[in-house]
Structure formats: C-alpha cells, structure tokens
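A short reminder: the numbers here are calculations on the coordinates, not readings from a lab. Small disclaimer: the values here were computed from a predicted structure and weren't measured. Virtual Cβ from ideal backbone geometry, glycine too; neighbours counted across all protein chains shown.
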Amino acid sequence: MAEQFDVSALQKQVLLEKAKRRTVLREEFLKQTSNPFRHASGEGGAVFDPAIQRHNAMRINTFEHFRPTFKNVRFGMMLIVVPFVVCGYIVQKDRTEKEAKRRAGLVAYADRDFKFI
C-alpha cells in the first residue's frame, strides 16, 4: 500500500513537508494580521513581506539602470515604429487605389462607401 493514489513514498513525504511549511506560514501570517497591538508600533495593517519589497524596489529602479543597446533599439523599432509604418502604407495604398477607381468612373456613386464625404 506504499503506492497509494499513484504517489510514491518520496513524493508523499515531499508533499507532506510542503503542506506543513504552508500551514506554518499561514499561521504566522494570521498571527501578524490579527495582532491588535500592531497599529501602536506604527507598522500599519499590512504585513511586511521582504520578497514583495524587493520586487517593488526592482520595478522602481528599472529605468535608473537601463542602458540603451542595439538590441533594445531594434526591439523598440520592431514593436512600435514598424507596425505604424506598415499600417500607414497599407491604408495609403488602399485609399489611392479606391480614389483612382472613383476618378476613372469604375465605381458608381450608389456603390461608394462614404457618399457624403
């Protein structure tokens, strides 16, 4: 009966250790958040988490440590400039083709998309 629920003894031990660690962390979090004397120390109602603090500090300091390189410039061009240029070219080409057909008289007035413009 060691292979219960398709879980080996080692995997079961690992899962039990994770559950135990999760329970300890949950109890510590509940203890810190429900402490009525916490506001007196000036900490406020939020629990200080060093990992979240490091993440927020990293996000704030991103632009201070940014160095423009050829790879960054290329990525920005491909993401911003090239789509605008391609879209503009397609729209301009389509409009000139439609205008040429209208001026040549190939499209009847009743068949035009925008009659009042």
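Assorted remarks:
- Max mean-square fluctuation residue, GNM over the chain, Cα-Cα springs under 10 Å, options 67, 102, 54: 102
- By the beta-carbon count within 10 Å of each Cβ, the least crowded to most crowded order of 55, 65, fewest first, is 65, 55.
- Applying the Karplus relation 6.51 cos²θ - 1.76 cosθ + 1.60 with θ = phi - 60° to the range 85-92 yields 3J(HN,Hα) values of 5, 5, 4, x, 5, 5, 5, 5 Hz, where x marks Gly and Pro.
- Lysines with Cα under 16 Å of residue 20, excluding same-chain neighbours fewer than 8 positions away: 12
- The slack in the chain from residue 71 to residue 21, taken as 0.36 nm per residue of separation less the alpha-carbon distance, amounts to 13.7 nm.
- Extension gain, residue 28 back to residue 111 (0.36 nm per residue minus Cα-Cα distance, nm): 22.6 nm
- The candidate values are (i) 12, 38, 26, 13, 7, 3, 1, 0; (ii) 14, 51, 31, 4, 0; (iii) 9, 14, 14, 12, 16, 13, 11, 10, 1; the one derived from this structure for P(r) over Cα pairs in 10 Å bins from 0, in percent carries the label (iii).
- The C-alpha atoms of the chain define a longest principal axis, and helix 50-60 lies at about 20 degrees to it.
- Other residues with beta-carbon under 14 Å from the beta-carbon of residue 100 carry, at +1 per Lys or Arg and -1 per Asp or Glu, a net charge of +4.
- Phi angles of the range 18-33 translate, via the Karplus equation with coefficients 6.51, -1.76, 1.60 and θ = phi - 60°, into HN-Hα couplings of 4, 5, 5, 5, 5, 5, 5, 5, 5, 5, 5, 5, 5, 5, 6, 6 Hz per residue; Gly and Pro are given as x.
- Test item: Cα-centred dipole of the chain, Lys/Arg +1 and Asp/Glu -1 on Cβ, debye: 480 debye
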